[in-house]
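The values are calculated or read from the model by the stated rules, or taken from the named source; none is laboratory data. Note that the coordinates shown come from a computational prediction; the quantities given were computed from them, not determined experimentally. Cβ atoms come from the backbone with ideal geometry, glycine included; neighbour counts cover every protein chain shown.
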Amino acid sequence: MFKSHSLRTAVVAGLATLTLSTSVTANNEPIKVGMMLPFSGVYGALGDATRNGLKMALQEQMSKLHGRKIEYIEIDTEARPERAPEIASSLLNNSEADFIIGPVHSGVAMGMLKVLRGKDTVMIVPNAGAGPVTGPLCSPNVFRTSFSSWQPSYPMGNVALDKGYKKVVTMSWNYGMGKESLDAFEESFTAGGGEIVKKILVPFPKTEFQAYLSEIASINPDAVFVFFAGGGAVKFVKDYDALGLKGKIPLLGSGFLTEGTLEAQGSAAEGVLTTLHYADSLDNEQNTRFRSSYKQQFGKASDIYAVQGYDTGLMIASAVNQLGGNISDQKALIKALESTTVRSPRGDFTFSPAHNPVQNVYLRTVENGENRVVEIAAPALADPARGCKL
Amino acid sequence: MTTSLFLVQLINGLQYGLLLFLIASGLTLVFGVMGILNLAHGSMYMVGAYLVWYFVEHTGSFGLSALISAVIALLIGILMERTLIRQLYRRNHLDQVLLTIGMIFVFNALQGLLWGNDPLGVAVPAALSSAIPVTDVLEYPVYRIFVALLCVGIAAVMYFMINKTRLGMLIRAGESNREMVECLGIDIRKLYTIVFAIGVMLAAVAGVAAAPMSSIVPGMGEHILITCFVVVVIGGMGSIKGAFIAALLVGLVDTFASVLVPQLSSMMIYILMAFILLIKPQGLFSS
Amino acid sequence: MLFNKRTERIFFWVFFPLALLMPLFLADNTFFVSKLTSIMIFALFVMSLDYLVGRCGLITLGHAMFYGLGGYLFWMIAPEYEAVNFWVYTFYICMIAAGVALIIGFLVLRTSGIYMIMITLAFAQMAFYFFSDSIDFGGTDGLFIYVKPETSIFGLSFFDLDNPTHFYYLCLLSLFNTLVFFRVLIRSRFGRVVDAIHENPGRTTALGYNIFVFRLMSYVIASALGAYAGYLFTLQYGFVNPSMLAWTTSGSALVMSILGGMGSIYGAILGTFVYEGLHYVLEHLTEHWMLFMGALIITMVMVFKNGIAGYLEKLLEKRA
């Protein structure tokens with residue numbers, strides 16, 4: 001129950017410092033990886049998966065760390081933005097972490113950014129898609145291994161046009177990530193001549209969708225595009241099916257609609273079309289290996305959040321390896337991170353000047369409880385990084 | 001809005017309201033009889049949903065799982081009352097608030113330890129999985145109609161129990177004069193245990209009934225708790241009849257606000273509550 | 001004497017000298033200085049709530065509305081790229097918050113007990129959704145404050161708000177002042193009437209006092225101080241977020257106030273430090289901190305009849 005692992009490493013590190021106090025060099029100290037993720041509450045599952053992926057990657061890459069051990073400091077953000085600056089400052093000034101990984105929630109990301117922007121510690125965002133992180137608020141020490149909220153949704157506009165949909169209803173929770181996703185879809189969809197007949201914003205975290213779905217049924221659009229994630233996604237997809245809309249009005253979504261939720265959604269999710277920078281069925285060596293060993297270690301199927309955590313681990317390992325284990329020079333570290341090509345289960349990806357992944361976005365459909373690739377919806381897609389001066 | 005859409009939304013609102021009643025009824029019953037403000041009530045809703053999921057996974061039968069879950073909830077209720085709540089009858093209301101907040105922490109932690117953080121789902125029982133076509137596009141699932149009828153049934157049973165049975169008589173007597181009931185040789189402590197356990201069970205049953213049509217996630221209890229309090233307070237604390245009418249009112253207002261005034265829909269039930277309390281500071285049906 | 005209980009005096013003479021010297025021991029750890037600062041800010045907030053709940057018997061679950069308002073108000077009225085005067089803006093923010101409290105108090109104080117809990121919650125939730133739904137106020141992502149105010153009085157500046165230690169002392173001073181202020185208020189004629197209303201509203205009315213006015217004044221004072229706490233919180237890291245207004249913020253504050261000992265005022269400091277301290281230790285020990293936190297809360301309710309302050313008083317007060 002107690003984090004015996006991190007305690008043990010701390011004790012071991014302490015003893016090592018005592019006995020070797022004369023010959024200690026920077027390279028003998030463990031690399032401190034601070035995690036600011038939600039481990040309880042609505043976003044708990046996302047935090048768990050990210051942490052699993054991150055630890056798995058660093059475990060696998062042990063041989064490339066030039067003998068340096070990893071020490072984890074894990075703090076539950078409870079997805080509460082108002083606590084974010086304080087926890088970030090704890091990891092920065094108290095734990096003196098070398099890397100701070102987090103968060104899941106965009107509001108928390110903003111709070112972290114306020115403290116960590118321009119500091120000596122590298123911050124890597126393994127999920128939160130808030131545009132400003134790699135947009136107007138971008139910073140040399142801030143990286144993102146996941147996506148900007150624009151990325152997964154923008155290509156769906158063209159997919160919808162290709163399918164001949166003209167009138168679409170969009171819907172999401174009324175919060176940053178949801179609104180940014182709908183805007184990205186709208187941008188490409190209306191540019192190609194499509195029309196958004198209605199945009200529905202549901203108060204967060206309300207999951208009573210019946211009234212909205214009845215209204216959509218009466219509008220009877222060509223398709224519906226939504227952003228929901230986690231428990232809300234489960235409920236939405238089940239309601240869409242239960243109220244008979246499925247099969248009559250095609251359901252399109254940002255890929256989070258069917259990530260980490262497929263088991264709970266059951267047959268209701270079959271056939272839902274989504275776009276995302278990953279799909280379960282991607283046919284590459286990394287993905288096959290990743291999925292089987294994740295399943296073996298944690299006893300459940302991996303999802304995008306696990307992949308993003310995993311890639312964060314790969315990225316850290318790669319930079320440490322490039323620098324021969326010495327990460328004390330921040331400029332060199334940032335340079336090494338920037339030039340990393342991450343050999344990810346989602347396919348290889350690189351970083352844009354704003355430190356956001358340049359990656360393929362796939363069109364996927366749910367088949368037998370798995371997200372299967374239909375095609376590449378947008379190859380090597382880079383976020384426009386509006387307002388970033390890097 | 002066309003007439004058919006209006007009717008559909010009316011049904012949506014009533015159905016949502018009835019479910020709210022089921023959750024809120026236990027809360028108002030416990031407050032009315034015992035004067036206990038049980039903030040852990042939402043947690044019991046969550047516990048009900050998780051329990052039924054767990055047993056469906058193991059037995060495959062929804063009906064059986066629902067029954068087992070309800071019994072376990074009843075036992076949890078008895079245990080909570082006997083060990084903790086009982087100590088606080090003579091203490092300040094706010095100590096009860098603190099105690100039940102402590103319980104929320106414990107229930108949330110146990111949920112994480114026992115069942116993890118992944119969202120879970122329960123399939124609708126096969127016998128009730130069909131749907132009735134309403135328009136070309138829209139269908140109405142039979143299960144949801146069943147749940148709505150179940151809620152009406154439970155409301156009727158509660159009404160009958162409180163007004164026509166000996167237990168109900170004692171409950172009403174206990175509400176108005178605790179000492180008098182004790183003087184008559186009735187063991188009020190036993191009565192309190194029973195009422196508290198029933199309250200807990202009602203929350204859990206609501207969780208069970210909601211499980212197949214929602215997602216089972218950590219923290220699902222806290223969100224519903226606030227809505228529940230809105231219902232109970234609008235109806236007048238302790239009034240079952242008030243809770244019933246308020247639940248329908250909240251269900252309808254929330255449903256129609258979502259569609260008609262989406263900009264205000266997040267605030268609508270609070271506006272409704274503030275408005276009602278400004279006119280009737282004790283709720284609609286306070287005793 | 002300002003403090004009539006021995007426990008209170010002991011607490012006062014232990015806490016404040018210790019707090020005054022603390023940064024000297026923590027010189028090389030800015031985080032702990034900041035952590036203590038944020039606990040003191042929240043203690044100030046809890047104290048304002050404790051006065052309302054414990055002294056006036058006005059239980060509110062909407063106090064976080066003023067906490068958040070303190071932050072958002074600063075963003076609204078201060079120019080974005082110009083350092084304004086801290087004291088002047090303290091005055092503005094407290095005055096505006098007091099104005100808002102006057103209107104809302106006028107409405108909510110018609111109810112009492114649980115109905116008042118819920119109607120205050122209703123207004124707080126409306127405010128919460130107002131800020132979190134609005135793009136102009138940064139929505140759920142919140143807002144940044146880029147330039148912190150300067151603190152000069154007549155050209156003399158004692159605090160540099162960008163320096164964590166200076167900010168620590170500013171918050172300590174604020175907490176000290178608030179405690180003294182409430183003690184003075186409680187001992188004043190006004191405070192005695194408020195106590196009388198709490199004990200027996202009927203009789204106080206019969207004595208010719210308009211209890212509504214006294215309650216409203218108390219509500220306005222506590223709300224303005226709540227907003228001041230929120231203003232300090234926002235300045236600490238330069239970050240405002242709608243989660244400051246969430247009902248869970250009000251809930252935690254209520255928990256800390258009950259834990260500390262309702263109505264004791266200094267208990268608010270005890271309650272906040274104990275709660276936040278436990279939270280900090282537990283969350284660094286185990287991921288399942290909630291389990292231990294919950295168990296500890298339950299145990300404390302069972303053991304302490306009147307919160308931590310009540311327990312200490314039982315130990316330290318001479319029996320009369």
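Determine, yes or no, whether B:L84 is free of Cβ contacts under 8 Å to residues at least 12 places away in the same chain, within 14 Å of chain C (Cβ to nearest Cβ) and surrounded by 14 or more Cβ atoms within 10 Å (Cβ to Cβ).
Numbers: free of Cβ contacts under 8 Å to residues at least 12 places away in the same chain: no; within 14 Å of chain C (Cβ to nearest Cβ): yes; surrounded by 14 or more Cβ atoms within 10 Å (Cβ to Cβ): yes.
In short, no.
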Take region C:17-34 and flag every residue that is out of contact with any helix residue (DSSP H, G or I) (no Cβ under 6 Å at 6 or more places or on another chain), of a type in the set (A, V, I, L, M, F, W, C) and either in a helix (DSSP H, G or I) or at pLDDT 90 or above (or both).
-> C:L18, C:L20, C:L21, C:M22, C:L24, C:F25, C:F32
Within region A:131-149, of all residues that are touching a Ser or Thr at 6+ places or on another chain (Cβ under 8 Å) and buried (at least 24 other Cβ atoms within 10 Å of the Cβ), the one farthest from the other protein chains (Cβ to nearest Cβ) is A:T145
Which residue pairs have Cβ atoms closer than 6 Å, lie 6 or more positions apart in sequence or on different chains, and pair a first residue in region B:162-173 that is in contact (Cβ under 8 Å) with a residue 60 or more places away in the chain with a second residue that is among the small types (G, A, S)?
-> B:I162/B:G168
Restricting to region C:114-142, what's the tally of residues that are touching a strand residue (DSSP E or B) at 6+ places or on another chain (Cβ under 7 Å) and crowded, with 22+ Cβ neighbours inside 10 Å?
-> 1
Could you please find all residues in region B:202-237 being over 15 Å from C:I114 (Cα atoms), in contact with a Phe, Trp or Tyr (Cβ under 8 Å, 6 or more places away or on another chain) and hydrophobic (A, V, I, L, M, F, W, C)?
-> B:A203, B:A204, B:A206, B:A210, B:A211, B:M213, B:I216, B:M220, B:I224
Of all residues in region A:258-293, which are hydroxyl-bearing (S, T, Y) and away from chain B (no Cβ under 14 Å)?
-> A:T274, A:T275, A:Y278, A:S281, A:T288, A:S292, A:S293
Mind checking which strands (runs of 3 or more DSSP E) fall wholly inside region A:131-211 and carry at least 2 residues that are under 26 Å from the mean Cα position of the chain (by Cα) and assigned by TED's automatic domain parsing to the domain that holds A:G118?
-> A:142-144
Report whether or not B:S61 is touching a Gly at 6+ places or on another chain (Cβ under 8 Å), farther than 19 Å from A:K235 by Cα and more than 9 Å from every other protein chain (Cβ to nearest Cβ).
-> no
Output yes when any residue across region C:273-290 is touching a residue at least 24 places away in the same chain (Cβ under 8 Å) and within 14 Å of chain B (Cβ to nearest Cβ), and no when none is.
-> yes
Given (1) more than 7 Å from chain C (Cβ to nearest Cβ); (2) buried (at least 16 other Cβ atoms within 10 Å of the Cβ); (3) out of contact with any Leu (no Cβ under 7 Å at 6 or more places or on another chain), B:R90 misses just (2)
Helices (runs of 4 or more DSSP H) fully within region C:154-220 counting 1 or more residues that are hydroxyl-bearing (S, T, Y) = C:164-187, C:201-206
Check B:F55, B:F21, B:F107 and return the single one that is more than 14 Å from chain C (Cβ to nearest Cβ), at pLDDT 95 or above, surrounded by fewer than 24 Cβ atoms within 10 Å (Cβ to Cβ) and part of a helix (DSSP H, G or I).
-> B:F55
Among the residues of region A:287-302, write down those that are in a helix (DSSP H, G or I) and either outside the structural domain of A:T50 (by TED's automatic domain parsing) or hydroxyl-bearing (S, T, Y) (or both).
-> A:T288, A:S292, A:S293, A:Y294
